[in-house]
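What follows is one structure encoded as structure tokens, with my remarks underneath.
The values are calculated or read from the model by the stated rules, or taken from the named source; none is laboratory data. Predicted model, so just to flag it, every value in this text is computed and none were measured. Note: ideal-geometry Cβ built from the backbone for every residue, glycine included; neighbour counts use all protein chains shown. Surface accessibility is based on the protein's heavy atoms, side chains included, excluding ligands, DNA and RNA. Shrake-Rupley method; radii C 1.70, N 1.55, O 1.52, S 1.80 Å.
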Amino acid sequence: MAITTTKRRSKGSTRRVEKRQSTRDRLVVMAMVGVPTLFVIWLVWLPALASVALSFTRWNGFKLSGIEWVGTQNYKDIVTIYPPFWPAIQNNLIWLVFLFILPTILGMLIAVVLDREMRGSRFYQTAFYLPVVLSMALVGFIWQLFYSADQGLLNAVLGTRIDWYGDPDINLWSVLVATSWRHTGYIMVIYLAGLKGVDASLREAAAVDGAGEVKTFFHVILPVMRPINLIVLVIVVIESLRAFDLVWIINKGRNGLELISALVSQNVIGEATRYGFGSALAVIMMLISSVFITIYLRIVFQEERR
């Protein structure tokens, strides 16, 4: 009888412990989900919604009572009487195409070569990835040593005195080369991770069928890495839209280096302090990026359903 009573007490205490642990687990899960959600709402969604609301106003940023509702006038002014806007759109598109062609293809090629486990591959991976960890301010300074009109390495080699950063006809391409130097290592790491996840049996089957390395890559490996390709595409689009640091360091996004992100900063934190106008530019940039992100998510969800 005593043994039975002890067993019942033991079972009862165990249930209470399980219940207590279950409640504690729920609280931990709620905290782990709730706290990041609050931060995202506070730091991302609220500023985004505030920018959308401010884009329909005229405000100098000093007094809330000075906010004046102007409707869609900011958007009309941007596309009609704001000269830097269309050059910024063009430069962002050039930035997108250039990043997609040069550093993306080069990063993929380097990843394919390093995936063969060649001697010293770890050293090469580190060397190519090192620019990624550098800030854009430091990248701009490093390339200034190449581009300087007076003491730059490039002018010393070519025997010229070209102002690579100051000439509006060529400074965009100079900045793109510097950006590609940093972006190539990022793409390399992504593709290298994707190549490591490819099933080795696919390569063996292609080799048995007599396919060469080039044909195996384009007809077998590359189609398998479609999710990686989509991720790279989205990254390139986002990088081209949020490009800011380097052009702002050089000349604050003027004189041939106009970008949408630089125009936002010029109007919000520059001498104009036109928060409504700058917010309208930010909303346009957000809408453009949302189109590509929506396409990406739609493709991902369609693949998950299959």
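Per-residue answers, yes or no, for (1) among the small types (G, A, S); (2) touching a Gly at 6+ places or on another chain (Cβ under 6 Å); (3) over 14 Å from N74 (Cβ atoms):
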| site | (1), (2), (3) |
| --- | --- |
| R242 | no, no, yes |
| W248 | no, no, yes |
| R254 | no, no, yes |
| L257 | no, no, yes |
| V264 | no, yes, no |
| I269 | no, no, yes |
| R274 | no, no, no |
| I284 | no, no, no |
Given (1) free of Cβ contacts under 8 Å to residues at least 40 places away in the same chain; (2) of a type in the set (V, I, T); (3) open to solvent by less than 40 Å² (accessible area, probe 1.4 Å), index of the condition V175 fails: (1)
May I ask you to say which residue of L38, L46, L54, L64 is open to solvent by 70 Å² or more (accessible area, probe 1.4 Å), of a type outside the set (F, W, Y), within 24 Å of T273 (Cβ to Cβ) and within 26 Å of the chain's Cα centre (by Cα)? L46
Does at least one position in segment 93-110 carry a residue that is open to solvent by 30 Å² or more (accessible area, probe 1.4 Å) and assigned to a loop (DSSP other than H, G, I, E, B)? no
Find all pairs meeting these conditions: Cβ atoms under 7 angstrom apart; at least six residues apart or on different chains; first residue within segment 202-213 and in a helix (DSSP H, G or I) and at pLDDT below 80; second residue acidic (D, E) and open to solvent by 100 Å² or more (accessible area, probe 1.4 Å). none
Considering only segment 246-256, I want to know if a residue exists there that is within 26 Å of I295 (Cβ to Cβ), at pLDDT 85 or above and out of contact with any strand residue (DSSP E or B) (no Cβ under 6 Å at 6 or more places or on another chain). no
All but one of (1) of a type outside the set (A, V, I, L, M); (2) modelled with pLDDT of 85 or more; (3) part of a helix (DSSP H, G or I); (4) surrounded by fewer than 17 Cβ atoms within 10 Å (Cβ to Cβ) hold for Q302; which doesn't? (2)
Only one of V237, V291 is under 23 Å from the mean Cα position of the chain (by Cα) and without any contact (Cβ under 8 Å) to a residue 40 or more places away in the chain. Can you tell me which? V291
Residues being surrounded by 14 or more Cβ atoms within 10 Å (Cβ to Cβ) and in a helix (DSSP H, G or I) - total across segment 81-92: 6
Give me the pairs, please: first residue somewhere in segment 140-162 and of a type outside the set (S, T, N, Q), second residue anywhere and surrounded by 15 or more Cβ atoms within 10 Å (Cβ to Cβ) and assigned to a loop (DSSP other than H, G, I, E, B), beta-carbon distance under 6 Å, and either six or more positions apart or on two chains. F146/G152; Y147/W164; Y147/Y165; A149/D163; R161/A149
How many residues does segment 250-285 contain that are under 24 Å from D163 (Cβ atoms), part of a helix (DSSP H, G or I) and open to solvent by 40 Å² or more (accessible area, probe 1.4 Å)? 1
